[in-house]
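Colleague: Below: one structure in structure tokens.
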Amino acid sequence: MRTDAAASCVVSGVLWRSQTTEPSEVSVMAKLFESIGKLGLALAVGGGVVNSALFNVDAGHRAVIFDRFRGVQEAVVGEGTHFLIPWVQKPIIFDCRSRPRNVPVITGSKDLQNVNITLRILFRPVTTQLPRIFTSIGEDYDERVLPSITTEVLKAVVARFDAGELITQRELVSRQVSEDLTERASTFGLILDDVSLTHLTFGKEFTEAVEMKQVAQQEAERARFIVEKAEQQKQAAIISAEGDSQAALLIANSLMEAGDGLVELRKLEAAEDIAFQLSRSRNVTYLPSGQGTLLQLPQ
């Protein structure tokens, strides 16, 4: 009985130890996972804070900092990675490289002809004036400024020239547009690297009038050629008649001086020429005189 009682005591002790050991291990593992979770959360929060405190400015770009308490900062941030105060400061990125833009304009010339012009502009902002541009105009400064000033300058310059001068003096027109537009854009903090006229057409009425004028000029040139040709033919006829008259006068004088001898000489020359021509023909046969019986011809 004592042996059984001792055995039962040992078993109960082992069971108590196993029951007390398992909860302690579970609590340790729980604390470990809780620590790992807190560490991961802290890292995530720290990474988010650091990420929100950094911003990148790519090549050819500049940034303007907007502060919720102090407004737009005057300093312009260059290329690279920079720090800011999260939720307080915000970067506004501007592209400072040259960009093209086509601006079509319909205006009138000095002689009241409708002109369709397309102007191609290469523009970029002045980096030191980016805070003023962002404050007074906005990020879409090109949409707000370029169409209006281009239309204004083109209408002012084109109105100084006639329709024909716009074609013949196109280089001068382009230069004046470039100078006036560059000066006008500088007041808004913009630099124009290139200004060129890429398209220049006129209204339908003017085009038809030019075509009719060209046709009339061609017809006038043709009539002038016909008149000149007739005049040349007239002069040729006069010269030929004068030559014939002089030749007849010379022949008459020769006859008066030489008598019938000149006529006989001309007859002999003509007969010689006729005989030479007949001798070269294959359809001519020469017969001696008195031999007509060979061909049964009457004498």
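The values are calculated or read from the model by the stated rules, or taken from the named source; none is laboratory data. The model shown is predicted, which means the values in this text are computed figures rather than measured ones. So basically every Cβ, Gly included, is an ideal-geometry build from the backbone, and we count neighbours across all protein chains shown. The area values use the complete protein model at the heavy-atom level, side chains included, leaving out ligands, DNA and RNA. Shrake-Rupley method; radii C 1.70, N 1.55, O 1.52, S 1.80 Å.
Colleague: How about segment 69-85: which of its residues are farther than 14 Å from THR135 by Cα and either open to solvent by 30 Å² or more (accessible area, probe 1.4 Å) or outside any loop (DSSP other than H, G, I, E, B) (or both)?
Modeller: Of everything in segment 69-85, those that are farther than 14 Å from THR135 by Cα and either open to solvent by 30 Å² or more (accessible area, probe 1.4 Å) or outside any loop (DSSP other than H, G, I, E, B) (or both) turn out to be PHE69, VAL77, GLU79, GLY80, THR81, HIS82, PHE83, ILE85.
Colleague: Sticking with this one: Collect the residues in segment 105-117 that are exposed (fewer than 14 other Cβ atoms within 10 Å of the Cβ) and either touching a Gly at 6+ places or on another chain (Cβ under 9 Å) or part of a strand (DSSP E or B) (or both), keeping them in residue-number order.
Modeller: Scanning segment 105-117 gives ILE106, ASP111, ASN116.
Colleague: Does ARG120 meet the test of being more than 29 Å from GLY80 (Cβ to Cβ), open to solvent by 20 Å² or more (accessible area, probe 1.4 Å), in contact (Cβ under 8 Å) with a residue 60 or more places away in the chain and charged (D, E, K, R)?
Modeller: yes
Colleague: So, of the residues in segment 194-238 that are β-branched (Val, Ile, Thr) and not in a helix (DSSP H, G or I), which turns out to be modelled with the highest pLDDT?
Modeller: Restricting to residues being β-branched (Val, Ile, Thr) and not in a helix (DSSP H, G or I), the top hit is VAL195.
Colleague: Another question about this same structure. Quick one: which residue in ARG99, ARG120 is more than 22 Å from ARG175 (Cβ to Cβ) and in contact with a Leu (Cβ under 9 Å, 6 or more places away or on another chain)?
Modeller: Every option except ARG99 fails the conditions.
Colleague: Do we find a residue being out of contact with any Gly (no Cβ under 8 Å at 6 or more places or on another chain), open to solvent by 40 Å² or more (accessible area, probe 1.4 Å), at pLDDT 90 or above and of a type in the set (Asp, Glu) anywhere in segment 33-56?
Modeller: Looking for residues that are out of contact with any Gly (no Cβ under 8 Å at 6 or more places or on another chain), open to solvent by 40 Å² or more (accessible area, probe 1.4 Å), at pLDDT 90 or above and of a type in the set (Asp, Glu), one finds none in segment 33-56, hence no.
Colleague: Examine segment 138-152 for a residue that is open to solvent by 60 Å² or more (accessible area, probe 1.4 Å) and part of a strand (DSSP E or B), and state whether such a residue exists.
Modeller: For segment 138-152, residues open to solvent by 60 Å² or more (accessible area, probe 1.4 Å) and part of a strand (DSSP E or B): absent.
Colleague: Considering each of ALA156, ALA185, ALA163 in turn, give the residue that is farther than 15 Å from GLY108 by Cβ and in contact (Cβ under 8 Å) with a residue 12 or more places away in the chain.
Modeller: ALA185
Colleague: Can you tell me which residue in segment 94-104 is nearest to the chain's Cα centre (by Cα), limited to those that are surrounded by 16 or more Cβ atoms within 10 Å (Cβ to Cβ) and not in a loop (DSSP other than H, G, I, E, B)?
Modeller: VAL103
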